[in-house]
Every structure is written in C-alpha cells, then in structure tokens.
C-alpha cells in the first residue's frame, strides 16, 4: 500500500532522463536487490540548475527519484547534500517500513552526483596548479611528469609549488624551496 | 489511459486466491444463522451441523479419490503442511530424524522444516532442474536408514511446474517411507488420485479453487500414524481439535464437488487462454524469459521475466489499468529476498526481480487476455524508458 503522493509521482514522474553534458553523475543501488538510481546534475553558481534521473526499481524507488529531483532543483549544493532519506519519505507522505532503506536511495544517488561534481572541480583546480613549462623546450605540460612529454628531458618537480625545474636545480626558481 | 482505467477489472492472480463460486456462497449461508449449532452438541442444531461436515468430507474425499475418514479438516494449506511435517516428525521420531524435501517448496513447508532442523532433525533439500523438476533418482539416492519423511509439492505455485509425484511416491513406498505432497496449488485445478500418486499425506486448500478462505484439509492415508498439532477435545477424532469452521467446511465441500464435476471442462478452457497469453507476451515484448516447464505445468500459470524492468513497478502500472497480477520480485516480498523458486531453477537474481506471475481463472475471458497483451507492452516501454539499466539503443 502506497500513499497518494507515491502513486502520483510513480504515475507522472518528474525530470526523467539523462543530462548528456552533466556536471555530476551519481549511481546508487544494484540490480540484484532490485533498485538502481542514476542522477545527473547541471550546476551553475553553486546551485543545481538542472537534474534528471533514470531508475530501475519498484514504485517507491521511482517515486523517490522523482520527488528528489523536484526537491533540489534550484537549491544550493549544500542544501542538496543536507537532504535525508527521512525528509524524502516525509515529502512522499511516508513509505512502507520495508521500503524505507532499500528503495529510498534517491538522496544517496544525488549526494554521489554532487560529490562527483565537486571532485571534478577539485581535479580541475589541481590540473590548473600543474600547468607548467618545460625548462628546456618551454612546452606546456599539465601533469607533474618526471620528464618532458615533448623533448624527453628529465625534469624535477618542486614538491612545494609544482614548478618544473631543470634536473640539476637545487633551489626552486619559483618559490625558493630546496629540491 | 484514464478511459481504460474505468474498463472492467481483470483479475489474474488466482494462485493467490480465487473468488468464491456463487453456489459456494449460497450453500454456506444457512450455516451462519439457521444451522449454527456446535457439531459436538446432542441436539438438532448440532446434529445438522455434524451431518453437513460429514457430507462435505465425502465430497473432498471424492475430489482426491480418498476415503472420507482419511480427510482431516484444518484452517489452511499452511496448517495442513505444518501438521503433516511436524506430526510425522514427532510420530516417527524413534525411527529416525531425517527428512527429504525439494528446495522449491512453499514457505509453509520450508519454514516448519527450518523449525524441525532447530529441534535436531536433518533435512536434505533436493535441487531442481531448469524447469523446476525434482529428479526421482535424487530422492532415491538421498534416502538413509534415518529417513522418515519425503515432502515434494504436487505443483509449484510460482512457476506452475507439476512434479513427478507418482514416481517419487513409488520410491517412498518401496523404501517404506512416509510421503507427503503439498497440493495446495493444484487440488481442484488438476485431477488428483492419492492412490495413483502413491502419497500418504496431501495438503489441500479451499480458497485456491473457488472455496472460502480459512479452511483446508490434510489427507492422511488410513493407518498412517500422526501426532496432532493442536491438542484439545474430540473434533476430527482428536487429530485436529477446536470447533469446526462449519460454514467454511460446507463451502469447501461444494467447491470440491464443483471442481470434481467440471475439472476437465475447466482445464480445456484455461489452457488455450494460458497459451494465448504466453504467446502474446513473447511476441510483443523483447528480452523476455518464460519460466517453468513447457508442458508439465498447471493449466492456469504463466511465469515470465521481462528484463530491465522491476516486477513491482509492473504490478503497480497494471493495477492502474485495472489488471491484478503477481510478481516474485524482491520488492514485492516483505522478506525482501529473491524468490527461492526462480533461484532454484537458475534464474539470475536481477532477472528474478523482473518476474510476473499470471494465474488465470474460470471467470477470465479471452478479452481479459487481449487486454493484458495490449496494455503490457506499453507499460514495459514506459518503464524501460526510465530504467537506469536499460541498454542505450544502437
């Protein structure tokens, strides 16, 4: 027995689909236990500008996914991270006790999507940090390789600032750290 | 969609329960207010009730070709199974403590067996093949000097497979071991003959064949010793005490009489509907598995698995269209366990979660089947479009 809200969301699910150029994607569950939810989000100014879901699962799982997308669209990422299983169930007018944990994975999938977005941002920043130039041939490289990708010369990476240095260097020319 | 939702409701879950036949309801009526006496009472009210019970007993005996005194009335198929297993285990305790059963038995067999295991009995659960059949050789090879009971269901309630009961019964007879069969899914639906099947005990349930709920019977072959489950007064010769469910027993008797009379006609009506439903689904939907035996199966059962769609979501979608059916998906089970029957026949768990079980009844029409064949593909298309595991189209 499901509440009217569950049946309504199951019958007319909101935001079904996938965002092709999503900023973050999160999947939760597995087909063995009967539920798999996939959330994709588009982020702008730290807010969820768009969200779509795809779900393999029971009526509760589909309703949960649908209402989660509705609850967080336009919200900040922190607000999205604060969403709990309990608030989702409450918004649906309650869930049967046995569905509370197995089918209520919408918030987990959403949290994974936000985490995915955040880790992508972080690695972007990290990548930016590693943009440097080969001290021999001046080619740009984007990761701290021990040799230049272009001319093949062995190089040193400053452990403090990440600057690429000539092999014989003992003091970083950028930040002054002993290398 | 809204236009269709006001269409006639289609009930295709007859393995769960059936509606009472109008003649059953009619026959039960006087036993609520007019003939309400305690069958043990020595007055007219009591005697009339007692006579009604004995008349019903005869009808149920006829249905399975048994003697009236071999029929013990109980409250349900579950009670019949508990009575058979615990009653034989207790009565033959001194002979041995080993029981053989199939691994795809109903929960009302498996749970009492687990209980007996806790009390020191050893149970061997036999595997089944991909169609759900028990191999009689497996039964033979697992018999030990300690074996006191073999229990194999007549037909499986989920996949409809009919087991080689007569053959297994022959082995049990040769070895002098008590043989029980749970025939709750098949009694009243397919002809049963206890002598031909070589069974010592058989569980049957009224509500599976247009009788009322709350009443069933255990057939116990004449001369087989069994310990009662419920101790009390004198009812059922002390083998099952507590006041009899008189209206229920009367309804049970009428349902048995009707089934006995119409069984071949019913089978002839159900099989074409069953085969039409199967064919229609397999033709119109891709990635579909048909579970159970192609020929050795109940005349009313269709079990399919539709990949990439979860069972309960299909049930809810069909409910909205006025169609009632069942699934063995984890999500429809309070236990949240994958169907042990589908697992037993080797269906992978993620496909077992996509199962649908249709069971057809004598009130269903060809139009009902057409409705399902029309509605189901649309439901599957909608659910697959939102499924996270449906492979992208090429």
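The values are calculated or read from the model by the stated rules, or taken from the named source; none is laboratory data. Remember, it's a predicted structure, so these values are computed and weren't measured experimentally. A quick note on method: Cβ atoms are made from the backbone with ideal geometry, for glycine too, and the neighbour counts reach across all protein chains shown.
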Margin query: Which of the numbered conditions does residue B:233 fail, given that it passes all the others? Conditions: (1) within 14 Å of chain A (Cβ to nearest Cβ); (2) modelled with pLDDT under 95.
Written below: (1)
Notebook entry, point to check: Which of the residues spanning segment A:32-60 are facing another protein chain (nearest Cβ under 10 Å) and not in a strand (DSSP E or B)?
Noted result: A:32, A:33, A:34, A:57, A:58, A:59, A:60
Next item on the list: Can you confirm whether segment A:65-83 contains a residue that is in a helix (DSSP H, G or I), more than 14 Å from chain B (Cβ to nearest Cβ) and at pLDDT below 95?
Entry: no
Check: Would a scan of segment B:194-205 turn up a residue that is crowded, with 19+ Cβ neighbours inside 10 Å, in contact with a strand residue (DSSP E or B) (Cβ under 8 Å, 6 or more places away or on another chain), in contact (Cβ under 8 Å) with a residue 60 or more places away in the chain and in a loop (DSSP other than H, G, I, E, B)?
Finding: yes
Notebook entry, point to check: Which of (1) within 13 Å of chain B (Cβ to nearest Cβ); (2) surrounded by fewer than 20 Cβ atoms within 10 Å (Cβ to Cβ); (3) at negative phi does residue A:17 not meet, given it meets every other one?
Noted result: (3)
Next item on the list: May I ask you to list the residues in segment B:231-279 that are within 22 Å of residue B:37 (Cβ to Cβ) and surrounded by fewer than 16 Cβ atoms within 10 Å (Cβ to Cβ)?
Entry: B:232, B:233, B:234, B:237, B:238, B:242, B:243
Check: For residue A:93, which of the numbered conditions (1) away from chain B (no Cβ under 14 Å); (2) crowded, with 20+ Cβ neighbours inside 10 Å; (3) on the phi > 0 side of the Ramachandran plot fails to hold?
Finding: (2)
Notebook entry, point to check: helices (runs of 4 or more DSSP H) wholly in segment B:238-350 with at least 3 residues that are at pLDDT 95 or above and away from chain A (no Cβ under 14 Å) - which ones?
Noted result: B:246-284
Margin query: Can you say whether residue A:112 is under 25 Å from residue B:385 (Cβ atoms) and within 14 Å of chain B (Cβ to nearest Cβ), as far as the supplied structure shows?
Written below: yes
Checklist line | Test result for residue A:8, within 24 Å of the chain's Cα centre (by Cα), assigned by TED's automatic domain parsing to the domain that holds residue A:66 and farther than 14 Å from residue A:69 by Cβ | finding: no
Next item on the list: Any chance you could count how many residues in segment B:351-373 are within 14 Å of chain A (Cβ to nearest Cβ) and outside any loop (DSSP other than H, G, I, E, B)?
Entry: 4
Notebook entry, point to check: In segment B:101-145, what residues are in a helix (DSSP H, G or I), touching a residue at least 40 places away in the same chain (Cβ under 8 Å) and in contact with a helix residue (DSSP H, G or I) (Cβ under 7 Å, 6 or more places away or on another chain)?
Noted result: B:108, B:109
Note to self: Please verify whether residue A:128 is modelled with pLDDT under 95 and either surrounded by fewer than 19 Cβ atoms within 10 Å (Cβ to Cβ) or not assigned by TED's automatic domain parsing to the domain that holds residue A:172 (or both), treating the condition exactly as stated.
What the structure shows: yes
Check: Of all residues in segment B:172-183, which are farther than 22 Å from residue B:208 by Cβ and buried (at least 18 other Cβ atoms within 10 Å of the Cβ)?
Finding: B:172, B:177, B:178
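In the set B:226, B:148, B:177, B:162, which member is more than 23 Å from residue B:54 (Cβ to Cβ), within 23 Å of the chain's Cα centre (by Cα) and in contact (Cβ under 8 Å) with a residue 24 or more places away in the chain?
Step by step, each of B:226, B:148, B:177, B:162 is checked, and only B:162 is more than 23 Å from residue B:54 (Cβ to Cβ), within 23 Å of the chain's Cα centre (by Cα) and in contact (Cβ under 8 Å) with a residue 24 or more places away in the chain.
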Margin query: Among the residues that make up segment B:243-250, is at least one of them within 27 Å of residue B:161 (Cα to Cα), touching a residue at least 60 places away in the same chain (Cβ under 8 Å) and in contact with a helix residue (DSSP H, G or I) (Cβ under 7 Å, 6 or more places away or on another chain)?
Written below: no
